[in-house]
Amino acid sequence: MSNMIKSGFYNINNVQYSNRYIVMSGNNEFVGHDVPDTFYVHVVDEVPHLVTLKDSKTQLFLTLDPQGHKVVGTTEPQILQLSTEDGENFTIHPQDVNEVAYLKDDGNWSWIYVGPAPASGKAQYWKFCPAN
């Protein structure tokens, strides 16, 4: 698919809450914050849009925990799928699973949750901005 991002360093920005980026909190859970962390996106398989996401600052992988409904940092990578309709805004989810990472509100240090995509809005969409 031609809309797949390439391996490289990115800041991951929420589409609905455009001043919130994915960052690691002090307890190894990812949150929305106004200052971005940089992630290394490793494209595992370009056709189904499979990636791993590694926080460059903590060296932890971003993983989705559907049982705990949170996005957490771990030392072991999780293969994630990036789905897009427009090539710019992506949902982040385990491969072929309909539970996505989404930001519930615009608060600084807001938790990023894992669950079914919200019925309205764009809180489940993320933009991968190349890091400088």
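Quick notes on this one:
- Among (1) touching a residue at least 60 places away in the same chain (Cβ under 8 Å); (2) under 18 Å from ASN11 (Cα atoms), the one test that ASP86 misses: (2)
- Failed item in (1) farther than 18 Å from PHE128 by Cβ; (2) modelled with pLDDT of 95 or more; (3) of a type in the set (A, V, I, L, M, F, W, C), with VAL35 passing the rest: (1)
- Residue check, LEU64 farther than 20 Å from SER18 by Cβ, modelled with pLDDT of 95 or more and under 11 Å from the mean Cα position of the chain (by Cα): yes
- A count restricted to the range 5-14 and to residues that are surrounded by fewer than 18 Cβ atoms within 10 Å (Cβ to Cβ) and either part of a loop (DSSP other than H, G, I, E, B) or small (Gly, Ala, Ser) (or both) stands at 3.
- Considering the range 22-132, the qualifying strands (runs of 3 or more DSSP E), each wholly inside and each with 1 or more residues that are among the charged types (D, E, K, R) and open to solvent by less than 40 Å² (accessible area, probe 1.4 Å), run over 50-55.
- Taking each residue of the range 56-74 that is closer than 22 Å to GLN124 by Cβ and looking for partners that are among the aliphatic types (A, V, I, L, M) and not in a strand (DSSP E or B) with beta-carbon atoms closer than 9 Å, six or more apart or interchain, yields LEU64/VAL97; PRO66/VAL97; VAL72/LEU60; GLY73/LEU60; THR74/LEU60.
The values are calculated or read from the model by the stated rules, or taken from the named source; none is laboratory data. All values derive from a computational prediction rather than experimental measurement. Ideal geometry is used to build each Cβ from the backbone, glycine not excepted, and the neighbour counts take in all protein chains shown. Note: accessible area is taken over every heavy atom of the protein model, side chains too, but ligands, DNA and RNA are not part of it. Shrake-Rupley method; radii C 1.70, N 1.55, O 1.52, S 1.80 Å.
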